[in-house]
Amino acid sequence: MADSANLNVRPASQEEAGLFFAMKPEEDASLGCIGHVRMDFGRSGRKFWHTWHSRGPEEWNCQLFKDELTEVVDMLRESVLKDLNGMREFCQSHGGAIPGGWSQNYGFVVETQNYRYCLRCNPAPGDYQAYLTCFDKHVQELNQSGQEQTVQMGGM
């Protein structure tokens with residue numbers, strides 16, 4: 001599991017912006033996408049509603065991942081995801097503006113040894129305010145090394 005004391009939330013780079021929105025199933029598979037948590041703060045802006053949406057093979061959604069996801073979300077609830085006003089303030093003071101969506105969206109990344117969590121924030125009332133997309137870094141590494149081998153073999 002992750003050490004929550006050592007988890008850092010960093011603003012996304014422009015190159016990472018595509019990771020924060022829905023992708024084709026082939027892209028999800030090659031990037032090791034496990035799924036995403038959709039969140040909103042309710043009409044008052046102070047609730048916390050969330051729903052899990054699986055986007056990868058069930059074996060990627062293992063207990064180790066579930067435990068770490070809980071830890072990461074709990075940590076985010078202390079900073080970015082306190083409530084709607086807190087999210088708005090966090091986004092405005094920490095950068096991470098990414099293109100896309102009907103209003104300004106912000107992207108933040110949390111990386112652990114095994115997983116990459118991409119948090120897209122939409123600090124506006126009336127819609128889901130956050131999506132946390134979860135990726136298995138080991139699957140990404142395997143797919144990247146496989147692509148490099150294919151490229152190297154193709155060039156022979």
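Read-outs: derived from the displayed coordinates by stated rules, not from any lab. Treat the numbers as computed from the prediction; the structure is a model and nothing was measured. Neighbour counts run over all protein chains shown; Cβ positions are idealised from the backbone, glycine included.
At-a-glance table
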| item | result |
| --- | --- |
| Sequence-separation-based contact order of the chain, relative, with Cα cut under 8 Å and 6+ spacing, percent | 31 |
| Proximal lysines to K47, defined as alpha-carbon separation beneath 26 angstrom and excluding residues fewer than eight positions away on the same chain | K66, K82 |
| Residue exposure sequence - M75, M87 - by fewest surrounding Cβ within 10 Å | M75, M87 |
| The chain: DSSP helices with Cα axial extent of at least 30 Å and average Kyte-Doolittle hydropathy no lower than 0.5 | none |
| Label zone at D127 (point 7 Å along Cα-to-Cβ), backbone N below 14 Å, the range 21-40 | 21-22, 39-40 |
| Built amide H within the under 5 Å cut-off of R55, gap 5+ | G35, H36 |
| Order of L64, L119, L69 under a 10 Å beta carbon neighbour criterion, fewest first | L64, L69, L119 |
| Amide hydrogen neighbours beyond the local backbone of I98, cut-off 5 Å, H modeled | N105, Y106, G107 |
| Under 10 Å, Cβ to Cβ, from K47 - net charge with Lys/Arg +1 and Asp/Glu -1 | 0 |
| Local electrostatic count, R116, Cβ distance below 9 Å [Lys/Arg +1, Asp/Glu -1] | -1 |
| Label point distance in nm, Q63-L142, each placed 7 Å from Cα along Cα→Cβ | 2.1 |
| FRET efficiency, 1/(1 + (r/R0)^6) with R0 25 Å, evaluated for W52 and Q92 via beta carbons | 0.30 |
| Long-range tail of P(r) for the range 33-156 (Cα pairs > 23 Å, %) | 38 |
